[in-house]
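Every read-out reported here was derived from the displayed coordinates using simple, explicitly stated rules and does not represent laboratory data. Just so we're clear, the structure is a prediction, and the values are computed from it rather than from any experiment. All Cβ positions, glycine included, derive from the backbone under ideal geometry; neighbour counts span all protein chains shown.
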Amino acid sequence: MEVLILPTPEEVGRVAADRITSVVRAKPGAVLGLATGSSPQAIYAELARRVRDGSLDLALTRAFALDEYVGLPVDHPQSYAAVIARDVVGPLGMDPQRVRVPDGLSEDVERTTAEYELAIARAGGIDIQLLGIGANGHIGFNEPTSSLASRTRIKTLAPQTRADNARFFASLDEVPMHCITQGLGTILDARELLLVAQGEGKADAVAHAVEGPVSSMWPASALQLHPHATVILDEPAASRLALADYYRYTAAHKPPAS
Ligand code: F6R
């Protein structure tokens, strides 16, 4: 795993946007895995800036969202379908027909989740999966004790996740209880993983993910099983890493590209 520790949240956004930009320049029809929430906002803002100034074109990319709340109407401003349309597809000039979000209103969840897996496979798999991390170590909405082999499915949101996400809703009661999320096995199938975290509230989860044992108690530790995972952090998010100086050292002395 490559760990990059950067001085500001804006730098985290810029360096992560550089990575996505280089994937798309090499493959204009690349398949992106999209995260929602606060963590990727600086990345989307930077990508949108590049699209506006003409240095990046995302019109041919395809994308799959990580997760969706169950039971929110798609036009609810906090449904991930609405968030992705508003904050990602529009500003990044993507084709809405090429972007999918799990159907949180499905009456046949088994079929919906199986179809989502199939759609990712038919698209050729995800080239680069963007990830945030929950304070409890979740990625997607794979809460603690999620199987490391799990696939897209319905899950119950942990109380901490509902409390953390209540800031997007009028009250805690309005935060849905359930979600559909790509599984950890689904996420690990992506060709490249890019996890970003900002702020001290993520420091514990980041330390467990990067330096702890691989354990379903800290689902993001599954990144250790992936051959091409990059973790981009600001200083507060990196503050509990035992080997922070070593990551700075290795970032400054990368081996020559082969
Ligand atoms: C959202 C998602 C979640 C978030 C995580 C962090 O699609 O998959 O794992 O990335 O809850 O959320 P923020 O970035 O709002 O702190």
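Across the stretch 69-80, computed HN-Hα scalar couplings (Karplus, 6.51 cos²θ - 1.76 cosθ + 1.60, θ = phi - 60°) run 6, 8, x, 7, x, 4, 8, 5, x, 9, 5, 5 Hz from first to last residue, x flagging Gly and Pro.
Give the separation of the Cα centroids, the stretch 125-168 to the stretch 1-79, in Å. Each part reduced to its Cα centre gives a spacing of 17 Å.
With q set to 0.12 Å⁻¹, the log10 of I(q)/I(0) for the stretch 80-210, from the Debye formula over equal scatterers at the Cα positions, is -0.51. Across the stretch 230-241, coupling constants 3J(HN,Hα) worked out from phi with the 6.51/-1.76/1.60 Karplus curve, θ = phi - 60°, read 10, 10, 10, 10, 8, 4, x, 5, 8, 5, 10, 7 Hz, and Gly and Pro carry x. Listing Asp75, Asp204 from fewest to most neighbouring C-beta atoms within 10 Å gives Asp75, Asp204. Each other residue within a Cβ distance under 12 Å of Arg49 adds +1 if Lys or Arg and -1 if Asp or Glu, for a net charge of 0. Compactness of the stretch 2-241 is given as radius of gyration and Dmax, 16.4, 46 Å, from Cα positions. Going from the fewest other Cβ atoms within 10 Å to the most, the residues Lys202, Lys155, Lys27 appear in the order Lys27, Lys155, Lys202. The phi-based Karplus calculation (6.51 cos²θ - 1.76 cosθ + 1.60; θ = phi - 60°) puts the 3J(HN,Hα) values of the stretch 39-47 at 4, x, 4, 5, 5, 4, 4, 5, 5 Hz, whole numbers, x for Gly and Pro. Residues whose amide H comes within less than 5 Å of that of Leu131, counting only those at least five positions distant or on another chain, are Leu194, Leu195, Val196 (H built at 1.01 Å from N in the peptide plane). Dividing the helix sum by the residues of the chain, where each DSSP H run of 4 or more adds -39500 (n - 2.57), gives a mean residue ellipticity at 222 nm of -9000 deg cm²/dmol. DSSP finds beta bridges in the chain, and of those with both partners inside it, around 30 percent are antiparallel. For His178, the residues 5 or more places off, or on other chains, whose built amide H falls under 5 Å of its own are Val70, Leu157.
Equivalent ellipsoid of the stretch 59-118: semi-axes from √(5λ) of the C-alpha gyration tensor, largest first, are 20, 15, 7 Å. For the stretch 35-117, the relative contact order works out to 33 percent when only alpha carbon pairs closer than 8 Å and six or more residues apart are counted.
Hey, got a sec? Which GluC sites (Glu not before Pro) in the stretch 71-118 land in a DSSP loop and have at most 12 other Cβ atoms within 10 Å? Don't skip to the end; give the middle numbers.
Details: sites: Glu107, Glu110, Glu115, Glu117; in loops: Glu107.
Those that pass, being in a loop and sparsely packed, are Glu107.
The ranking of Met177, Met217, Met94, Met1 from fewest to most other beta carbons within 10 Å of each one's beta carbon is Met177, Met217, Met1, Met94. Take every pair of alpha-carbon atoms less than 8 Å apart whose residues are at least six positions apart; their mean separation over the length of the stretch 2-241 yields a relative contact order of 24 percent.
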